[in-house]
Amino acid sequence: LERMCSIQSGAVSLFELQAPVAQLRQAVRKAGPVVTDNGNFILDVHVGKIYDPPAVEQLFKMIPGVIEVGVFSGMADEAWFGNEDGTIACRIPKSEMKKLD
């Protein structure tokens, strides 16, 4: 994470927080952290709003020991959200909306 912060502190901000907050994901039905089938740990990193998802995804993947990330940039044209009140919302990036015109 220190490496990310030093890259982040350059001329362009990739995400909102100056210092990302990382937590080892804890298991719910057992004591200790979540362990994947391959024996890896899951680290949840909160960076605030992401300004450049592809760049942040690449930045995370360049960190030694990182196997996969959950940014998923460029994988979908739209996102669907189920809300607490039972409604469903769909969001389409502005770049995709221009293609629909």
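Since every read-out is calculated from the coordinates, none of them should be taken as a lab result. Every value quoted in this text rests on a predicted model; they were computed, and no experiment measured them. As a convention, Cβ positions derive from the backbone with ideal geometry for all residues, glycine included, and neighbour counts pool all protein chains shown.
Which parts of the stretch 41-66 would a label at Q18 reach, counting a residue when its backbone N lies under 20 Å from a point 7 Å out along Cα-to-Cβ?
Output list for this probe position: 46-52.
Expected output is a single nm value to one decimal: the length gained when fully extending between K49 and K30, i.e. 0.36 nm times separation in residues minus the C-alpha distance. What is it? Mind dumping the intermediate values first?
On the way: separation 19, 0.36 × 19 = 6.84 nm, distance 3.17 nm.
Result for the pair: 3.7 nm of gain on full extension.
Report the net charge of residues surrounding V69, where surrounding means a beta-carbon distance below 13 angstrom and charges are Lys +1, Arg +1, Asp -1, Glu -1.
On the way: positive: K61; negative: D44, E57, E68.
The answer is -2.
Where does each of 70-79, 57-66 land if you order them by average Cβ count within 10 Å, highest first?
Numbers: 70-79: 11.0, 57-66: 13.0.
In decreasing order of mean packing, 70-79, 57-66 become 57-66, 70-79.
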